[in-house]
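Below is one structure, written out as structure tokens, with a few remarks after it.
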Amino acid sequence: MNIVIDKIITYIILIYCTIIELGAYSKISSKKFSFNSNKLIIILMTFIQFCTNYYINTWVKVIISFLILYFLFKLIFKENIKNTLIKTLFIFFLITSIELILSFLVIYVRFLNFTNLNLKTIIFKNIFTIILISIVQIIFNIKGLTKNINKLIKILVKDNLVILKVILFIINLFALIILMNFAVKINQTNYLLNILFLFIVSVLYFILLENCVKIEKMNEHQKILFEYISKYEKLIDKDNINQHEILNNLLILKSYKNKNSKEFNDYLDEMIFKFDNSEKEKLKNITKLPTGIKGIFYYKIYDVEKYNINLTFYYSKKLDNIWKYIGNRDYTRLCEIIGILLDNSIEASKKSKDKLLTIDIFKEKNFLNLFIENSIDKKVNIQNAKKKYFSTKGKTRGLGLYIAYKLESKSRNIKINQKIVKNKFISEVKVKIK
């Protein structure tokens, strides 16, 4: 009688667990599922899993359980093989991990004797399953986690990341071996070894996830950078063409004998209409900047446009051969300082009423000068701004200028000077040219 009750309750609980697993999958998928429209598939796959649990007692059960879960997700969500496989591996590993930890606690404290199938054991076993699947449900309702999982999946489905896929396969193979060991032999010593292996696998998963997120961010940054390099170099090429056309048109105007004629005025108006482009940013000679600094400026231009900041940029052509006289260490420090100063200038100017930002790079005697001027909404105590963790942007901020001045102190050739003139914040960086 107890066996019949156990089977009925277990099957009902198994259907509930299957629905939760499908809900977890939907959190990391663009597609949603409906129980009513997939009722037959869920009942059938759950029945196969139920039979596997009761009638197979070897390590083969682990492989069959994984395949059932995979085909369940594939049939309902209809995603491609790569997406379904990676997501199934993640969910299967997570459920396995939680089950191992909870089972270890139960067996280690000798809470129940599972050799005797009585009503108490049946109730506890099913409560255990509900707790297990509820933990999974809670985890997949954490927005930050599901967002990172989606990033990981997006990276792994790309064909060029073979190494990451191999690492993920090894990690899951390792987890599968643990579960097989657990399925064949259950005792306290075995559980301790499983928990140790599980910890190692979890650490590997975390490292992989963290590195994948970093790679994705780097790819996004590079994509933005290349887009803006292409955009502004095309813009500059267009300016060069316009300059050539303007010169030709000026020569035509010069050829007019009667400068007061209607024909002359009409042609002049046509020129003004053709070449007027007041909305275009003033970015003179930006392509002449050296690698590194040019990349920083192009990337920051993305924020400038995003916040509708009025940018004026000027770089003197006379500086083309100057950069080679700056040492490698000083050049690296200069790149970091420029990045910090630009971040602060953009942050301040976007909050100000005028939203103005001026950047000028020029040579003065034996110094390379970088001049950054931005509008501000309120005055800032410059001395306080240099201190560690001081910030007007809230807590846990305020390391930028502190780091910039630390970099300055490590170099004999770089000097930073900052001042406020009326409603403008001015940063000047001087680099001594050897």
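For the pair Leu67 and Tyr302, the difference between a 0.36 nm per residue extended length and the Cα-Cα distance amounts to 80.0 nm. Note on Leu102 and Met218: with the Förster distance fixed at 60 Å, the Cβ-Cβ geometry gives a FRET efficiency of about 0.95.
Between Asp266 and Lys379, the simple label model (points 7 Å from Cα in the Cβ direction) yields a spacing of 5.9 nm. In plain terms, the chain from Lys154 to Tyr16 could stretch by 46.8 nm, reckoned as 0.36 nm per residue minus the Cα-Cα distance. Within segment 333-363, find all residues whose amide N lies under 17 Å from a label point positioned 7 Å from the Cα of Lys419 along Cα-to-beta-carbon. Taking a point 7 Å out along Cα→Cβ of Lys419, the residues of segment 333-363 whose backbone N falls under 17 Å are 360.
Among 66-79, 4-17, how do they line up by average Cβ neighbours within 10 Å per residue, starting with the highest?
The peptides rank, most packed first, as 66-79, 4-17.
With a simple spin-label model that places each label point 7 Å from the Cα along the Cα-to-Cβ direction, the separation between Asn258 and Thr291 comes to 6.1 nm.
Each reported figure results from applying straightforward, stated rules to the coordinates on display, with no laboratory input. It should be emphasised that the depicted structure is a prediction, and the values quoted were computed from it without experimental measurement. Neighbour counts run over all protein chains shown; Cβ positions are idealised from the backbone, glycine included.
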